[in-house]
Amino acid sequence: MSQTEIRQYAQSKGFHPQTLERWLGWDSAARQALFRLVVDLKVGENHLRDLMDWLEEIALREQSMIEEILAGKPIVDLASDPRLGRADKLKRIKEEIRRRRFPRLAQTEDAIRVRIHELKLRPEIRLTVPFGLEGGRLQVELSASSQDEFKRLIVKLAEAATDNRVREIFALLAGHAVEIRSKASHPVKS
Amino acid sequence: MQLFQPQEVIVERGSEASPIYRNLRTALPGVPFRIVDAFAAESDRTSVSAGTFGAAKRRLVLTRHKGEFLKKCPGSEGQVCCNYFVINFASNCPMDCSYCYLQEYLADNPELKVFSNVGDLLNEGDELLSKHRRFFFRIGTGEITDSLALDPYIGFAREVVPFFADQPNVLLELKTKSDCVDGLLGLDPKDRVVVSWSMNPQRVIDLDEHETASLSERLVAARRCQNAGYRLGFHFDPIVEYPNWEVDYEEMLNQIFSSVDWRKIAWLSMGVLRATPSLKRIIRDRFPRTQLLTGEQVRCPDGKLRYFQPLRVEMYRRMLGWIRRAAPTVKVYLCMESKEVWEQVFGFAPSCEKELGNQMVPSF
């Protein structure tokens with residue numbers, strides 16, 4: 001792929017000239033590797049900018065080449081998975097690159113997610129954490145269609161509040177060292 | 001630390017009578033001076049580029065400041081503020097840190113300027129301080145420049161320190177990454193002046209604090225100031241996270257506390273590396289090889305990128321632990337952080353900026 005092809009593609013998609021110039025500023029192999037991904041998955045400009053940021057930063061930090069990152073097995077497997085549609089492939093590939101760019105954040109998010117899962121709450125009780133874990137707060141959402149259901153949910157939530165895993169979630173949000181479990185383990189009551 | 005040697009000094013007509021002009025003439029005998037009627041900034045016509053900002057630091061402009069010198073520190077939206085005032089006696093800085101926010105803040109006005117009308121500055125200070133004697137003020141000069149890096153050439157400290165030293169309701173903070181303290185040593189601060197250093201391990205200085213004094217030079221300067229009767233401050237800001245950062249930062253703190261008497265320290269502050277997305281683009285252009293932007297920084301509610309909260313809280317807590325081990329009661333605060341982060345680090349958050357500002361006032 002020549003610079004002209006990339007230029008023509010970016011112009012046809014209305015990408016900002018700054019984005020295009022940045023892309024063209026990459027080494028030929030990196031430029032082409034990204035071009036293949038962008039064309040195959042019809043990547044929009046906002047996603048493209050995120051990918052460029054993350055790829056450049058991973059390459060700089062790990063002293064690796066962007067084309068090597070994109071040729072890594074996890075990316076290639078996702079890109080060639082026939083079960084995934086184009087949008088899902090983009091979503092999964094982007095998440096894979098984000099996880100490599102933010103490994104400890106992803107690990108902490110996973111550890112919190114595992115603990116929330118282990119609480120085995122009913123679907124009407126939703127526990128989430130903010131994007132990037134900023135704010136350090138656990139968000140709780142309840143939805144009930146009657147007073148009785150509401151009471152039952154509150155009881156269930158009160159039980160969960162005393163669970164050791166909830167203590168660990170808050171410890172993780174506050175930056176305390178907690179054993180990071182990546183898979184669900186047996187429930188432990190405090 | 002390397003001497004600052006501008007390629008040229010441009011003097012706006014009317015500034016020749018100021019003491020700053022005389023000091024510059026004496027300190028820079030080999031540098032060409034050019035008197036102009038009005039300084040037309042080249043950057044009025046071109047926005048900052050990788051070359052413009054760096055080039056602007058190599059030419060010094062002496063001009064009158066047309067606006068107010070004294071301003072409330074703007075802080076950062078939604079973050080706990082320490083109720084601080086700033087005096088802008090100069091604009092931009094001869095040093096060139098990769099992460100410097102002035103690259104964005106002064107992008108359209110990057111000239112290295114020093115303001116000649118110091119008398120107006122002192123009049124403003126006098127008006128504020130004498131009108132509000134019941135209030136205690138903390139005023140700093142290091143918001144959009146380094147407080148001392150230009151001092152050997154402009155002699156600003158000896159023009160203003162005697163005035164502030166005589167005021168009963170102020171602490172003047174001179175914040176620097178230089179070791180340019182000679183101009184301070186013959187003055188009597190009368191307990192009203194804090195000289196403070198922005199501190200980082202030598203590795204960070206080597207990689208990202210270009211043209212600044214080394215860690216050991218800063219420590220020697222701090223000790224000299226302490227011996228001359230100045231209170232000291234240290235700002236661990238920006239704290240940079242990298243593999244084994246803990247080893248370097250703990251060692252740096254050990255060096256600080258073995259160099260100076262912590263009981264003479266007025267305050268310490270901590271803040272992690274932060275950048276707006278726009279500053280990030282500028283850093284990427286000007287310093288493409290810096291590793292600063294490869295940390296795990298996420299966008300915070302005030303729009304700035306910081307290390308994700310659990311990570312930076314852990315960093316602050318570790319720093320605080322090393323500080324407390326050596327200096328159990330020294331005042332420590334966080335710069336531009338939310339109440340949630342304060343609570344996670346200290347176990348409390350100041351209820352308002354006045355409370356934090358009051359906590360920062362030392363006993364006399």
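The set of residues in the range B:190-228 that are touching a strand residue (DSSP E or B) at 6+ places or on another chain (Cβ under 8 Å), of a type in the set (Lys, Arg) and under 16 Å from B:Val260 (Cα atoms) contains only B:Arg218. Residues in the range A:56-87 that are within 14 Å of another protein chain (Cβ to nearest Cβ) and in contact with a Leu (Cβ under 7 Å, 6 or more places away or on another chain) were compared, and the one that is nearest to A:Trp26 (Cα to Cα) is A:Ile66. Being surrounded by 21 or more Cβ atoms within 10 Å (Cβ to Cβ) and assigned to a strand (DSSP E or B) is the requirement here; does B:Leu184 meet it? So B:Leu184 does not fit the description; no. Does any residue of the range A:58-66 turn out to be over 27 Å from B:Leu311 (Cα atoms) and among the hydroxyl-bearing types (Ser, Thr, Tyr)? Checked against the condition, which is being over 27 Å from B:Leu311 (Cα atoms) and among the hydroxyl-bearing types (Ser, Thr, Tyr), the range A:58-66 yields no hits at all.
Within the range B:211-232, the presence of a residue that is within 14 Å of chain A (Cβ to nearest Cβ) and surrounded by fewer than 17 Cβ atoms within 10 Å (Cβ to Cβ) is excluded.
Inspect all residues belonging to the range A:175-184 and state whether any of them is within 14 Å of chain B (Cβ to nearest Cβ), in contact with a Gly (Cβ under 7 Å, 6 or more places away or on another chain) and either modelled with pLDDT under 95 or assigned to a loop (DSSP other than H, G, I, E, B) (or both). No, the range A:175-184 has no match at all. For the range B:187-210, the set of residues classified as in a loop (DSSP other than H, G, I, E, B) and out of contact with any Lys or Arg (no Cβ under 8 Å at 6 or more places or on another chain) consists of B:Asp188, B:Lys190, B:Arg192, B:Asn200, B:Pro201, listed by residue number. B:Asn254: touching a residue at least 12 places away in the same chain (Cβ under 8 Å), surrounded by fewer than 18 Cβ atoms within 10 Å (Cβ to Cβ) and more than 30 Å from B:Arg274 (Cα to Cα), yes or no? No.
Being under 18 Å from the mean Cα position of the chain (by Cα), under 25 Å from A:Arg101 (Cβ atoms) and not in a helix (DSSP H, G or I) is a description that does not apply to B:Gly233. The residues in the range B:39-55 that are out of contact with any strand residue (DSSP E or B) (no Cβ under 9 Å at 6 or more places or on another chain) and modelled with pLDDT of 65 or more can be counted, and the count is 4.
Filtered by the rule that a residue be crowded, with 18+ Cβ neighbours inside 10 Å and closer than 19 Å to A:Ile6 by Cβ, the range A:55-78 gives A:Leu55, A:Glu56, A:Ala59, A:Ile66, A:Glu67, A:Ile69, A:Leu70. Selection of the range B:2-39 for residues being under 27 Å from the mean Cα position of the chain (by Cα) and farther than 18 Å from B:Asp151 by Cα yields B:Glu12, B:Phe39.
So that you can scan it fast, the table gives a plain yes or no per residue for (1) touching a helix residue (DSSP H, G or I) at 6+ places or on another chain (Cβ under 7 Å); (2) under 27 Å from B:Phe346 (Cα atoms):
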{"residue": "B:Glu209", "(1), (2)": "no, no"}
{"residue": "B:Asn227", "(1), (2)": "no, no"}
{"residue": "B:Trp245", "(1), (2)": "no, yes"}
{"residue": "B:Ala266", "(1), (2)": "no, yes"}
{"residue": "B:Asp285", "(1), (2)": "yes, no"}
{"residue": "B:Pro288", "(1), (2)": "no, no"}
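For the range B:56-87, residues that are surrounded by 16 or more Cβ atoms within 10 Å (Cβ to Cβ), among the small types (Gly, Ala, Ser) and modelled with pLDDT under 90 total 2. Within the range A:88-124, the residues that satisfy the criterion of being of a type in the set (Lys, Arg) and either farther than 30 Å from A:Ala144 by Cβ or within 13 Å of chain B (Cβ to nearest Cβ) (or both) are A:Lys89, A:Lys91, A:Arg92, A:Lys94, A:Arg98, A:Arg99, A:Arg100, A:Arg101, A:Arg104. Looking across the range A:43-54, the residues that are away from chain B (no Cβ under 14 Å) and surrounded by 18 or more Cβ atoms within 10 Å (Cβ to Cβ) come down to A:Val43, A:Leu48, A:Leu51.
Of the helices (runs of 4 or more DSSP H) lying entirely inside the range B:263-364, those containing at least 1 residues that are surrounded by fewer than 21 Cβ atoms within 10 Å (Cβ to Cβ), within 13 Å of chain A (Cβ to nearest Cβ) and at pLDDT below 95 span B:277-286, B:339-346.
The values are calculated or read from the model by the stated rules, or taken from the named source; none is laboratory data. Note that the structure is a prediction, hence the values are computed from the model and not measured. Glycine gets a Cβ as well: all are built from the backbone with ideal geometry, and neighbour counts include every protein chain shown.
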